[in-house]
1. Given (1) modelled with pLDDT of 80 or more; (2) assigned to a helix (DSSP H, G or I), identify the lone condition not met by Ala87.
2. Scan the range 155-172 for residues that are touching an Asp or Glu at 6+ places or on another chain (Cβ under 6 Å) and without any contact (Cβ under 8 Å) to a residue 40 or more places away in the chain and report the count.
3. Condition check: crowded, with 16+ Cβ neighbours inside 10 Å, of a type in the set (A, V, I, L, M) and over 25 Å from the mean Cα position of the chain (by Cα). Does Ile171 satisfy that?
Amino acid sequence: MTQEQGDLDGLVRKRIRALRVAQGWSLRDLSLRAHLSESSLSRIENGQRRLALDQLVALARALDTTLDQLVETAADDVVSNPTIHAAHGSMRWTMKGEPAMSVVRRRITDPPPDNPARMRAHPGREWLVVLSGTAILMLGDRRFRLEANQAAEFPTMLPHAIGAETGPCEILGIFDRDASRGHQRDIDGDSE
């Protein structure tokens, strides 16, 4: 067995035990749910028994997770660097996993549009926090004033737009996959 295989093997065993303990289950509880003997499960957790695919599938099901999540080795993907659009005052991080999301840091200098026809609506959900300055969030016919450290969350099917109140503001937005698609031009730094 290579070092990498041994590390993964140990990681999977720790995950099985951690998921079992997090549920408040004894070895017996999990063994009944996974249709394994209690002694087999104990030896799996302690590294005294070889991990078999059929047992991993049964354990993943019993622990309400997927086999992929049980054996995932995403340790190299912990740090994410942004794509920077300095000319447009934005940075974008793509978050891995499901559901896929985008995180955008954006500097806004223009006020929100005064024409409701320039507001957008599209599938998805958005969450934003104002980092500095004062932002104006337009949602349908409602107007919200958000100061630094205030946040808003809304479905993006509502016509919406955001702008600065009197001077520049900086926001951090988190978009689900659908909202990210609806704001692709904004995220990539193009104007609306």
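The values are calculated or read from the model by the stated rules, or taken from the named source; none is laboratory data. These numbers were taken from a predicted model, which means no experiment stands behind them. For neighbour counting, all protein chains shown are included, and Cβ atoms are generated from backbone atoms with ideal geometry for every residue, glycine included.
1. (1)
2. The first filter runs over the range 155-172 and keeps only residues touching an Asp or Glu at 6+ places or on another chain (Cβ under 6 Å), leaving 156, 163.
Filter again for without any contact (Cβ under 8 Å) to a residue 40 or more places away in the chain, leaving 156.
Result for the range 155-172: 1.
3. Numbers: crowded, with 16+ Cβ neighbours inside 10 Å: yes; of a type in the set (A, V, I, L, M): yes; over 25 Å from the mean Cα position of the chain (by Cα): no.
No.
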